[in-house]
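The values are calculated or read from the model by the stated rules, or taken from the named source; none is laboratory data. As the structure is a prediction and not an experimental result, all values here were calculated from the model. Every residue, glycine as well, gets a Cβ built from its backbone with ideal geometry; the counts of neighbours run over all protein chains shown.
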Amino acid sequence: MVLTVTPLAYAIANSGPELVDQHCSGCHVAREGENSWSRISQQRKTPEGWEMTIARMGIMHGVEVPPADRRALVKYLADTRGLAPEESAAERALIERRLNRVEEFDHPTFQEMCARCHTGGRAMLQRRPEAEWDKLVHFHVGQFQTLEFQAMARDRDWFGLARSEIVPWLAEQLPLESEAWSNWQEVSPRQPEGTWQMWGNWPGQGRFVADVAVTPETGRDRYRLEVSGEFLDGRPLLGEGRAVVYTGYEWRASLTLNGHEFKQVLDMSEETAHGRIFDDADEAYGMQVTMQPADAVSGVAATLPTALKAGQSQRLVVMGSGLENGEITLGDGIEVEEVVERSDTRVTLQVNVADHVAPGWLPLTVGEHRQDELLVAYDEVDYLQIEPELAVARVGSPETPAVSGVFQAIGYLKSPDGGEDIALGDVPVTWSVQPWDEIAEHDGDVQYAGVMDKATGIFAPSGAGPNPDRKYDANNVGNLRVIADVEGQATAVQDDAHLIVTVQRWNNPPLR
Amino acid sequence: MNKNAFRTSVMLGMGALMASAVLPAWSQSSNTDAAAPREYLVTLARPNQLYVIDTETREITRTCDLPGDSAPGTIQLSPDNRIAYVLHNRWEDATGVDLTNCDIVFRAQQSSGNERVKSIASIALSPDGTHLYTVQNPVKMFLDHYEVQEPRVAIFDTADGLDAQPIKTYPVPRQIATIATDADGWLYLGGADIYRMDTQTGEWETAIANRNWDRTGFSRPDSLAMWSTGEVSQEFLRPYSVAKLENDEPVSFHWGISRIDLETGEIENKEIGPFEFIIFSMVSDPNSPDDFYGVYTQLSHYDAETQELVKVIDLDHTYYNINSSYDGKTLYLGGASSDIAIYDTEFNDLGRIELPGDMGAATLKVARF
């Protein structure tokens, strides 16, 4: 890993200010000081935030920016007017396009006032002074003039309340100037070229670990990546892609893995990067990933899987650093049958788990490295929790690809001594759907809304459009109960979740 | 507020308008003319057509092209019902169309310069048809920012032709949607509350308090008011939904109506039945003012006297706007899609009238001439 000593503030693309002058300053007039333009210099936001702003300038004001200039503008603006890692930390899920969440904010009306149309996180990923937040309210009513007449606006003085109650709250919480941002601008930005180890759990495909070779490409903070690894069952995982790092830590890649096109979002502000790989058109279809540089000093960092079931011979991969030498032990009842592969950063084992293994944490040692609460043994799952608890899937059409329902069933061991229960990771279950309620049953939602894959927990929605076979000519919408039954154990264990299959979204910006 | 309380505060200047108020032409002629007027449905559909439909033959009598797109298509009729004034072009333009020959007889493009003006379903005619009212919601579009301006009632002279400009404007509160005039010329403005304006002076006061009502044990009402119907029963009707509260917690949900009798100026505000499903628009029975018909994905009938849901049926799809024939025997359901559904008041399905395009949020008016 190469670290430079160039602070971010000096690392901006040379062409940035010229591009703003060329494409934006017709309206956003230069203000006091160098590289300062009205409105633009009074805001900070994510690369996605700037991208959406430039897109809106095109759609609503006819601004035409050639693609290369547009990319360079987003880069320049996100680098010079971005968010510090601490400022984006609370909203990583939104940036990673994890939409099946219920937001909560510490304000009595913010969600009714603002987050009834878009996520509250969209505001949380911006920084402005009070006058700018006020301009944003004017923009909302000015651009979307029916806003004040919609439900949860027409029952109150929306414009007045937005200016008197929401604007000051936003300005206080999300100011333009912050210590976090000042400090971040002095930090040497990450130079990610080198080899990384990436692991995750691809829905329907399984757990995988791969090496990711990152090499610089022409252009500032642009990289090429080569992915080479395998799933736990030995199937290969191969891919390649391209990445840009914005604001010194916001990794955005387009990559192809085993022929499937994905986007990747990572937070690279810490040594080990965390984020998500997802399908840009079907954002529910994705996976959390960890990417650790080969030169990280971590000892035993993680295992795949995180839980071993009693009475089975199975593959176990240990990731980290300094793993090449020394004895490997996993505690009573676990026998290492074969060391399949071993390197400094990864050990692949075939292990046999005894029938009588004691359920609970396994003391894992690799040479001098030891982890007592990383790997767990279990015989039976005590209870399940489906994630997410509530999901929204969308019917598909050629113009608007379907958004899947993607579920995982996380198994748990109850703590025998009243301590914390132990999560086992996703465990094998059989998936099914049922009507959520009597109305759903009466309307045949299970029949029309789509198909649940019983092995993978992936729900494929049906096609869009009025269905003449349905009551009200309804679309293939549905209100469903998703059920997971644990496989391979005597005691029946089940959990359920809620899946709403609804109509398409026609407006799909990167930040909803 | 009751009517008497309001009448004691009637503003000077209304006398002239009250004296000059005329009844709609059809109500004068219906007693004297040998030939009874024919009844038509008037509505708009995408991309930019106004349709005149003969209710007897169920045929499209006339298709008139509008300048600019039809959406959303809020319609008011001239007193003689022969001109439809339409809010269209994304709420920005008010255009008068002669229903007998499709001639464009009036046009006001409300936006100009850097000021974009939209009227959200706010369009009305003076009782003599000489003036058109809109509520303008202006926004100044500066180079790098917008400034939302105060709304205003704009008064146009309907004789001003195809480049009509407001002859007068008056400031009004925000969030006004449908508006209407009564026989005396009062202009009713459906906003947070329903206001009553003297169009001679621009002075206004609250006719019916809704958001600001003082009703212990009730939530604030919620009212979606986008459809400018009411011509058949001569009323300005605004349905609302409301929760009854005990210890500030909702215990039951109800539909209610705010209503102004446009012949007498009488006002009413009351619950009419249980809230069990969404209703987008309502009409009252012209023969029985306490019977209300509502539409969305159901067609429903409420009796306000007993506060009961008398009858409800599921529809084949969603409709937004309901209207009634003048004899009160037939209900017409329009909006949303491209077919107008016809029902009798027992909810027997009497058929459909197909239009070439979707009506969207357009008003479905009943005209007689």
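The table for this structure:
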item	result
Identity of the residue in the range A:137-158, more than 7 Å from chain B (Cβ to nearest Cβ) and buried (at least 21 other Cβ atoms within 10 Å of the Cβ), that ends up farthest from B:A209 (Cα to Cα)	A:V137
Where A:A90 falls short, out of the listed (1) within 14 Å of chain B (Cβ to nearest Cβ); (2) more than 30 Å from B:A192 (Cα to Cα); (3) among the small types (G, A, S)	(1)
Qualifying residue in the range A:176-194 (condition: in contact with an Asp or Glu (Cβ under 8 Å, 6 or more places away or on another chain) and either within 14 Å of chain B (Cβ to nearest Cβ) or without any contact (Cβ under 8 Å) to a residue 24 or more places away in the chain (or both))	no
Any hit, the range A:82-100, residues being within 30 Å of B:L224 (Cβ to Cβ), at pLDDT below 95 and surrounded by 14 or more Cβ atoms within 10 Å (Cβ to Cβ)	yes
Condition met for B:G265 (more than 22 Å from B:G334 (Cβ to Cβ) and outside any strand (DSSP E or B))	yes
Of residues in the range A:446-496 being away from chain B (no Cβ under 14 Å) and among the polar types (S, T, N, Q), the one surrounded by the most Cβ atoms within 10 Å (Cβ to Cβ)	A:N476
Those residues of the range B:204-223 which are assigned to a strand (DSSP E or B) and within 12 Å of another protein chain (Cβ to nearest Cβ), in sequence order	B:D222
Selected residue (criterion: modelled with the lowest pLDDT) from residues of the range A:285-316 that are outside any strand (DSSP E or B) and touching a His at 6+ places or on another chain (Cβ under 8 Å)	A:G299
Among (1) within 14 Å of chain A (Cβ to nearest Cβ); (2) polar (S, T, N, Q); (3) under 23 Å from B:V135 (Cα atoms) - the single one B:T201 does not satisfy	(1)
Set B:S258, B:S281: member being of a type in the set (G, A, S) and within 14 Å of chain A (Cβ to nearest Cβ)	B:S258
Residue list for the range A:50-67, restricted to those being within 13 Å of chain B (Cβ to nearest Cβ) and in contact with a strand residue (DSSP E or B) (Cβ under 9 Å, 6 or more places away or on another chain)	A:T53
Residue check, A:E226 free of Cβ contacts under 8 Å to residues at least 24 places away in the same chain, touching a Leu at 6+ places or on another chain (Cβ under 7 Å) and either within 21 Å of A:R315 (Cβ to Cβ) or part of a strand (DSSP E or B) (or both)	no
Hey, B:S241 within 13 Å of chain A (Cβ to nearest Cβ), modelled with pLDDT of 95 or more and either touching a His at 6+ places or on another chain (Cβ under 8 Å) or part of a loop (DSSP other than H, G, I, E, B) (or both) or not	yes
Candidate set: the range A:37-49, residues that are within 13 Å of another protein chain (Cβ to nearest Cβ) and touching a strand residue (DSSP E or B) at 6+ places or on another chain (Cβ under 7 Å); chosen: the one surrounded by the most Cβ atoms within 10 Å (Cβ to Cβ)	A:Q43
Test set (1) surrounded by fewer than 21 Cβ atoms within 10 Å (Cβ to Cβ); (2) modelled with pLDDT of 95 or more - B:M282 fails condition number	(1)
Residue tally, condition among the hydroxyl-bearing types (S, T, Y) and within 14 Å of chain A (Cβ to nearest Cβ), over the range B:138-193	2
Filtered residue count, the range B:160-194, keeping only those that are at negative phi, surrounded by fewer than 22 Cβ atoms within 10 Å (Cβ to Cβ) and outside any loop (DSSP other than H, G, I, E, B)	7
Verdict on A:W431 being farther than 14 Å from A:I386 by Cα, crowded, with 19+ Cβ neighbours inside 10 Å, hydrophobic (A, V, I, L, M, F, W, C) and assigned by TED's automatic domain parsing to the domain that holds A:V403	no
Options B:M282, B:M226: the member that is of a type in the set (A, V, I, L, M, F, W, C) and in a strand (DSSP E or B)	B:M282
Search result, residues across the range B:129-151 that are surrounded by 20 or more Cβ atoms within 10 Å (Cβ to Cβ) and assigned to a strand (DSSP E or B)	B:H131, B:L132, B:Y133, B:T134, B:V135, B:Q136, B:N137, B:P138, B:V139, B:Y146, B:V148
Scan of the range B:314-355 for residues that are in a strand (DSSP E or B) and either of a type in the set (F, W, Y) or surrounded by fewer than 19 Cβ atoms within 10 Å (Cβ to Cβ) (or both), ordered by number	B:D314, B:T330, B:Y332, B:D339, B:Y343, B:D344, B:D349, B:L350, B:G351, B:R352, B:E354
Qualifying residues in the range A:16-34 (those that are farther than 16 Å from A:P67 by Cα and assigned to a helix (DSSP H, G or I)) - the one nearest to the other protein chains (Cβ to nearest Cβ)	A:D21
Residue under evaluation B:V135, criteria (1) under 22 Å from B:M197 (Cα atoms); (2) aliphatic (A, V, I, L, M); (3) touching a residue at least 60 places away in the same chain (Cβ under 8 Å); (4) within 13 Å of chain A (Cβ to nearest Cβ), criterion not met	(3)
Test result for A:G58, at pLDDT 95 or above and surrounded by fewer than 14 Cβ atoms within 10 Å (Cβ to Cβ)	yes
Any chance A:S397 is surrounded by fewer than 16 Cβ atoms within 10 Å (Cβ to Cβ), more than 14 Å from chain B (Cβ to nearest Cβ), in contact (Cβ under 8 Å) with a residue 40 or more places away in the chain and among the hydroxyl-bearing types (S, T, Y)	yes
Those residues of the range B:111-132 which are hydroxyl-bearing (S, T, Y) and away from chain A (no Cβ under 14 Å), in sequence order	B:S112, B:S126, B:T130
Residues satisfying the stated conditions in the range A:308-346, i.e. in contact with a Pro (Cβ under 9 Å, 6 or more places away or on another chain) and at positive phi	A:G331
Matching residues, the range A:253-266, being surrounded by fewer than 19 Cβ atoms within 10 Å (Cβ to Cβ) and not β-branched (V, I, T)	A:S254, A:N258, A:G259, A:H260, A:E261
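To keep it simple, each residue is scored yes or no on (1) assigned by TED's automatic domain parsing to the domain that holds A:I95; (2) in contact with a Lys or Arg (Cβ under 6 Å, 6 or more places away or on another chain); (3) surrounded by 14 or more Cβ atoms within 10 Å (Cβ to Cβ).
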{"site": "A:R220", "(1), (2), (3)": "no, no, yes"}
{"site": "A:L225", "(1), (2), (3)": "no, no, yes"}
{"site": "A:G234", "(1), (2), (3)": "no, no, no"}
{"site": "A:L237", "(1), (2), (3)": "no, no, yes"}
{"site": "A:G241", "(1), (2), (3)": "no, no, yes"}
{"site": "A:V244", "(1), (2), (3)": "no, yes, yes"}
{"site": "A:W251", "(1), (2), (3)": "no, no, yes"}
